[in-house]
1. What's the whole-number percent of alpha carbon pairs in the stretch 38-110 lying beyond 16 angstrom?
2. What is the dipole size for the stretch 38-110, taken about its Cα centre, with +1 at each Lys and Arg Cβ and -1 at each Asp and Glu Cβ, in debye to the nearest 20?
3. Non-local amide H neighbours of residue 107 (under 5 Å, H modeled in plane, Pro and chain starts lacking H): which ones?
4. How large is the Kirkwood hydrodynamic radius of the stretch 57-150, in angstrom, based on all distinct alpha carbon pairs?
Amino acid sequence: MAEIVEEADEEYKKLQEQEDEETQATQPISQTGPDLNSENTLKAFAQFAGTQKVSVISLIKLLIPTIEGQTVIVTMTRQQEEFIGDIKIQWQAFLREYFCDPSIVLQIRIDEKADTKRQAYTPSEQFKEMLDTSETFRQFVNRLKLKLKS
């Protein structure tokens, strides 16, 4: 009877050790990232911008973050917010990974007082704006039958 209990104890210990090893293997190694401050946040923004489409890069790099606790606040116009669209989730995930802090929150604030004139960010928007505002440009495009490459 004592042998059975000892064998059971040994098997239990082996299973416990295997479980501990598996748990350690799956848990991330605790790392500390850079401090959450304006300078490091601007560096993170620039690094994140490098992973995005060309049209979004300049917008992200121009934004000035404000930090309140673990919240990174970015103020932009409604058009800019619509323009960046679905990358907000990726952006927040990038910041959390960059700073090694899962509690960081990216908050977008809309500046209602900002100029309501729409800005042309993409080449197609710039082309359309030039067609709408410049008669000379419109004549030039029509005469040469120019089109913007898609």
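1. Of the Cα pairs, 42 percent sit more than 16 Å apart.
2. The dipole of the stretch 38-110 has a size of about 160 debye.
3. It is 72, 73, 74, by chain and number.
4. Value: 15.9 Å, from the Cα pair sum.
Coordinate-derived values only; no laboratory data. Everything numeric here is computed off the predicted structure, so don't read it as measured data. Counting neighbours? That spans all protein chains shown, and the Cβs are built from the backbone with ideal geometry, glycine included.
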